[in-house]
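Comments concern the structure below.
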Amino acid sequence: MDTMPPDTHAQQHWYLATLGHEALLRELAPLELPASATQDPLALAARCLIADPIGYPEAHQAAERVLAPLHAARTFTTRVPDEDNSLEHTGVVPVLEQRQAGAVTGWYAELLLFEHSTLLNKAAYRLSRMPGDPTWIIDSDFQPSGHAGTLRPFGSRRPGRKRTLLPPFVAELDRLIAQGPGSAT
């Protein structure tokens, strides 16, 4: 089966609807849009992406400012074993940096995942890896609607069950850290 990685539009739409949604709402706040226009993250992202720079410059510029991390995003492609075969995924990493939570410094990452076979099976995560963590912990994950399923602040004590990434994705993030700043493929 031929598969294709996600196009730029798909990446932008999913980023605005998930990881960038809160920033998009902050950027759009001066426009005083009605709540009905902002409550659906997927629809809001789509409207901002198609906003005409001449007819709706404020919405267009807001989306452009929020999308800035994607311009320098690092990407990878990896295969994840499934029951009968393996599925190819593209990972887009707009943010991968060290952050501090109190007196502790750990790693923070934002990750968009796209499964190649359909490009409909996508995921978005905010992740952390604090000293002593054996793997990346999912602090925030987003549902297909764009709404967050889990929201924990970076460096939180992580009550309850710790959700982690699959080993192929962990290996790719670790590889990106080892490579240092720059692009990945």
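Some points to look at:
- Residue-wise HN-Hα coupling along segment 124-133, computed from phi with Karplus coefficients 6.51, -1.76, 1.60 (Hz; x: Gly, Pro): 9, 9, 9, 10, 9, 9, 8, x, x, 6
- Rounded accessible area per residue of segment 5-125, 1.4 Å, Å²: 52
- Packing-based ranking, highest mean first, of 93-106, 35-48 given that Cβ atoms within 10 Å are counted: 35-48, 93-106
- Pair Asp7, Arg175: separation of 7 Å Cα→Cβ label points (nm): 2.7
- Carbon plus sulfur fraction of accessible area for the chain, probe 1.4 Å, in percent: 53
- Largest to smallest accessible area among Ile138, Ile50 [probe 1.4 Å]: Ile50, Ile138
- Residues whose amide H comes within less than 5 Å of that of Val95, counting only those at least five positions distant or on another chain, are Glu110 (H built at 1.01 Å from N in the peptide plane).
- For Arg163, the amide hydrogen comes within under 5 Å of the amide hydrogens of Ile138, counting only partners 5 or more places away or on other chains and with H modelled in the peptide plane.
- Karplus-based coupling profile of segment 88-99, in residue order and whole Hz: 8, 10, 9, x, 10, 10, x, 9, 8, 8, 7, 9, with θ = phi - 60° in 6.51 cos²θ - 1.76 cosθ + 1.60 and x standing for Gly or Pro.
- Over the chain, relative contact order from alpha-carbon pairs under 8 Å, at least 6 apart, %: 19
The values are calculated or read from the model by the stated rules, or taken from the named source; none is laboratory data. All figures in this text were calculated on a predicted structure; none of them were measured in a lab. Positions of Cβ are generated from backbone atoms using ideal geometry, with glycine treated the same way; all protein chains shown enter the neighbour counts. For accessibility, only protein heavy atoms count, side chains too; no ligands or nucleic acids. Shrake-Rupley method; radii C 1.70, N 1.55, O 1.52, S 1.80 Å.
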